[in-house]
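The values are calculated or read from the model by the stated rules, or taken from the named source; none is laboratory data. All values reported here derive from a predicted model rather than from experimental measurement. A quick note on method: Cβ atoms are made from the backbone with ideal geometry, for glycine too, and the neighbour counts reach across all protein chains shown.
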Amino acid sequence: MGLIAFIKNAGERIFGKKEEQVVDKSALILNHIRSFGFDTSEIQALVEEDLVILTGKVDTIANKNRVIVAAGNVDGISKVEDRLVVLPKGATIPKTEIKEPEEQYYTVVPGDSLSKIAKKYYGNANKYPVIFEANTPMLKHPDKIYPGQVLVIPPVD
């Protein structure tokens, strides 16, 4: 759980123009997440100005982080509050929680590349596919990142 910061005016535009009538931003966020192939049937999104609060459950920590990044990389959103629980499909909340290593988040700056980010976090630029894989399907190609975009930086074994 936590609050993840994003750059408010970076990312995909899904809300439309300001002069248009009020839209259900929560539904738009869930549709956006679903557009990447994620099951949102057990996820709720609440949008309060530039904050998205995600609650519910997902099946893996990797999918949890991808859902957070998908919700946060939207124009007009600057924070995502993570209240998601990681549980296998059909499972109920266990009495003891198994801790998986927490993944980090990184905000892309001008001049960045996945290999440059991999060098910074892993000491090896050739580990960029680890970052790319952790951010699919939001990333379509390793060379297509932009300043302000927030990426998941998974731990390396």
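I'd like the residue in region 15-44 that is hydrophobic (A, V, I, L, M, F, W, C), more than 14 Å from the chain's Cα centre (by Cα) and at pLDDT 75 or above and, out of all such residues, is surrounded by the fewest Cβ atoms within 10 Å (Cβ to Cβ).
27
Looking at 131, 145, which is the one that is within 13 Å of residue 73 (Cβ to Cβ) and surrounded by 14 or more Cβ atoms within 10 Å (Cβ to Cβ)?
145
Yes/no matrix, rows are residues, columns are (1) within 19 Å of residue 10 (Cβ to Cβ); (2) at pLDDT below 95; (3) surrounded by 14 or more Cβ atoms within 10 Å (Cβ to Cβ); (4) outside the structural domain of residue 26 (by TED's automatic domain parsing):
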| site | (1), (2), (3), (4) |
| --- | --- |
| 57 | no, yes, yes, no |
| 60 | no, yes, no, no |
| 69 | yes, yes, yes, no |
| 74 | yes, yes, yes, no |
| 77 | yes, yes, yes, no |
| 81 | yes, yes, yes, no |
| 93 | no, yes, no, yes |
| 99 | no, yes, no, yes |
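Scan region 122-147 for residues that are in contact (Cβ under 8 Å) with a residue 60 or more places away in the chain and either assigned by TED's automatic domain parsing to the domain that holds residue 10 or out of contact with any Lys or Arg (no Cβ under 9 Å at 6 or more places or on another chain) (or both) and jot them down.
Selection gives 146, 147.
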